[in-house]
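Notes follow once the structure below has been shown.
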């Protein structure tokens, strides 16, 4: 088990990259640190690996304090987009295992056994990544760190690399800690996501749990592709009914009576694109709110159509089907599933519990 307790990293110029971070990673777990550039995720990896000193706090591995322990004595591997390979040397020479048998075993695990005699300079980026992985796992590490390893790959290469890493994880049983900006990449691979912002953890949980119940506006906006629609609104009470009144003329009815006490509260309404679609008042189920939008753009993505809608100065995105490809400028009625909207306090950006029907 790996544990970080109240860990901070401050540089001589006064900049604090990581602030009082607390994180526990179980043996064999796959944890992904995700967040925008500058959130501190790579710094956390470097402190775990022993490449950065910890300013304050405590790092333990299997109960032993690691602060001040050299990198070579931590039994940790780190793989990054800068793979550190020697281009004029062969794959086997780069793996540099103590014996040929160990080199071959690591190469087989990483899927490069047929490339052992090939010079690294002739390999593709994806193959170089697999060689870098083979080099690190030949040391039999207990913890493997990945610092945005797929950043330089093409979309096709990334898809294959994700599969390779998943297969590798099942075969090794080691603990994986993975830093990435790409939330799709992290959600596809990890058991647990740790979302960072400005050097601190803002949320953690399973990929499905954070997608289903984001605890804040930041998490809701960061998790999910396409991104969640965000609408500024005010909670409005009319007798016994409650509505969300947006600045662009929408009046969305809500069924949660607990919101009656919040009349006048400024909120952000979140609607995922897959929770809205082209419909009409006559065909939409009762829980759907129907409103007219103007088509700004319609894009085809394989079996799906992605409709970008305009309402005054706001934009709204909806997933549809290729048969629903209206032309820009046309007016369409969009049905929004009011049982699957999200509410956030506009001032605190925290999620507001919302009980559906």
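Rule-based calculations on the coordinates, nothing more; no lab input. Model, not experiment: these values are computed from the prediction. When we count neighbours, we look across all protein chains shown, and the Cβ atoms used for this are built from the backbone with ideal geometry, even at glycine.
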Problem set entry | In degrees, nearest ten, helix 155-172 long axis to first principal axis of the chain (Cα) | 60 degrees
For this session: Compute the length gained on full extension between residue 152 and residue 256: take 0.36 nm times their separation in residues and subtract their Cα-Cα distance, giving the result in nm to one decimal.
Result: 32.8 nm
Problem set entry | Spin-label proximity, residue 333 to region 282-311 - amide N less than 15 Å from point 7 Å beyond Cα toward beta carbon | 282-294
Problem set entry | Global form of region 229-345, assessed from the alpha-carbon gyration tensor, a/c cut-off 1.5 | prolate
Exercise. Tell me, what are the semi-axes, in whole angstrom and largest first, of the equivalent ellipsoid of region 10-75 as set by the roots of 5 times the Cα gyration tensor eigenvalues?
Worked result: 20, 16, 11
Seminar exercise, completed: Note: probe point = Cα of residue 287 + 7 Å toward Cβ; backbone nitrogen < 11 Å; residues of region 233-264 passing the test are 255
For this session: Go ahead and collect, in residue order, the members of region 67-93 whose backbone nitrogen is under 12 Å from a label point 7 Å along the Cα-Cβ direction of residue 118.
Result: 91-92
Problem set entry | Inter-probe distance in nm under a simple model that places probes 7 Å from Cα toward Cβ, at residue 181 and residue 162 | 1.8 nm
Problem set entry | Alpha-carbon Rg/Rh ratio, for region 212-278, with Rh computed the Kirkwood way | 0.99
Exercise. Given the options 103, 174, 296, which has the most mean-square fluctuation in a GNM of the chain, springs set between C-alpha atoms less than 10 angstrom apart?
Worked result: 296
Seminar exercise, completed: Taking Cα atoms only, helix 125-137 is inclined relative to the longest principal axis of the chain by an angle, in degrees rounded to 10, of 60 degrees
Seminar exercise, completed: Rounded to a whole number, the Stokes-Einstein D of the chain in µm²/s (Kirkwood radius over Cα pairs; 25 °C; 0.890 mPa s) is 106 µm²/s
Seminar exercise, completed: Computed Rg/Rh for region 48-117 (Cα atoms; Rh = Kirkwood radius) stands at 1.09
For this session: For residue 238 and residue 27, calculate 0.36 nm times their separation in residues minus their Cα-Cα distance, and state this gained length in nm to one decimal.
Result: 70.5 nm
For this session: Using just the alpha carbons, could you tell me how many Å³ per residue the convex hull of region 177-252 encloses?
Result: 124 Å³
Problem set entry | Using alpha-carbon coordinates, inclination of helix 100-110 to the longest axis of the chain, degrees | 10 degrees
Seminar exercise, completed: re region 1-126: pairs of Cα atoms spaced beyond 20 Å account for a percent value of 55 percent
Exercise. Top mean-square fluctuation among 342, 11, 289, Gaussian network model of the chain, C-alpha springs under 10 Å?
Worked result: 11
Seminar exercise, completed: Expressed in nanometres to one decimal, the distance between label points 7 Å along Cα→Cβ at residue 350 and residue 5 is 2.7 nm
Exercise. Two-decimal Rg/Rh of region 287-345 from alpha-carbon positions, Kirkwood Rh?
Worked result: 0.99
For this session: Apply the Debye scattering formula to region 82-174, with a single equal point scatterer on each alpha-carbon and no solvent, then give log10 I(q)/I(0) at q = 0.17, 0.20 Å⁻¹.
Result: -0.67, -0.94
